[in-house]
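Let me begin by presenting the structure, written as structure tokens, before commenting on it.
The values are calculated or read from the model by the stated rules, or taken from the named source; none is laboratory data. All figures in this text were calculated on a predicted structure; none of them were measured in a lab. Quick reminder, even Gly has a Cβ in these numbers, built from the backbone with ideal geometry, and neighbours come from all protein chains shown. Please note that ligands, DNA and RNA were not included when accessible areas were found on the heavy atoms of the full protein model with its side chains. Shrake-Rupley method; radii C 1.70, N 1.55, O 1.52, S 1.80 Å.
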Amino acid sequence: MPRPSQRLLSPAIITEAAIESVDESGDFTMPGLAARLKVRPSSLYNHVSGRAEIVELMRAQLMAGIDVESASGTWSETVAALAAEYRRSYAAHPRLIPLFTAQTVQAGVAFTLYNALAQAFADGGFDPAETLHAITTVDSFVLGSALDLAAPDVQWASGPEANDAMKAALATSGKNPERADAAFEFGLRVLMAGLIAQAPDATVS
């Protein structure tokens, strides 16, 4: 008799299942992935070492979607373009971000982006310590902006606690993704203005 068919597994299939789970519920578990893929939990460990590796595989998949080569121009133009590309890649799966920030970056492909940012800041005259601070600042801003895409359309309830200035601001708020996109564009302009002002040679932006 023929052997019963078994669902094929691979790191890529497991990664996709994990992304789907996080998109739906905000997290994943090994038993949950096994149930989603209709396999035994032990079968997963023939392809991945565990949760930490899956998180890095998810990070690698999203980072691989960032078009670093399209970013060009002056150092500040390059940083702005990389930040926009970074957010675009993460915007499709914002609920992955808390998992990424809780774990040390190990995925080799992630360094393609970080290397490009480091080179841009070095070209702008930033010293190594300033470069690291600048990359961390861009990283925090982009990840926060991407996570904002997962926020509800009404992010702040306009209750009696809100003063007149806050109520006026809330009256201008639209729905996502338009609201989050507008906030990102505004924030990126402010961030880049600050980085340019901090550059050792402010005449080269």
Point-charge dipole on Cβ atoms (K/R +1, D/E -1) for the range 1-115, about Cα centre, debye to 20: 600
Cα-based Rg / Dmax (Å) for the chain: 20.7, 77
Dipole-positive endmost among 71, 154, 83 within the chain (Cβ charges, Cα centre): 154
Mean Kyte hydropathy of 0.5 or more with a Cα span along the axis of at least 27 Å, helices from DSSP in the chain: 128-148, 178-198
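With a 1.4 Å probe and all protein chains kept in place, how do 78, 136 rank by accessible area, largest first?
Numbers: 78 20, 136 75 Å².
Largest accessible area first, the residues go 136, 78.
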Label-point gap, in nm, between residue 43 and residue 151 - each point 7 angstrom along Cα→Cβ: 4.2
Net +/- balance of residues flanking residue 27 in space, Cβ distance below 14 Å, scoring K and R +1, D and E -1: 0
Computed E for residue 10/residue 52 - FRET, C-beta separation, R0 22 angstrom, nearest 0.05: 0.75
Top of 99, 170, 132 by mean-square fluctuation, Gaussian network on the chain, Cα under 10 Å: 170
Percent accessible area from carbon and sulfur atoms, the range 81-129, protein chains only, probe 1.4 Å: 56
Label point distance in nm, residue 88-residue 35, each placed 7 Å from Cα along Cα→Cβ: 3.8
Accessible area (Å², per residue) of the chain, counting only protein heavy atoms and a probe of 1.4 Å: 56
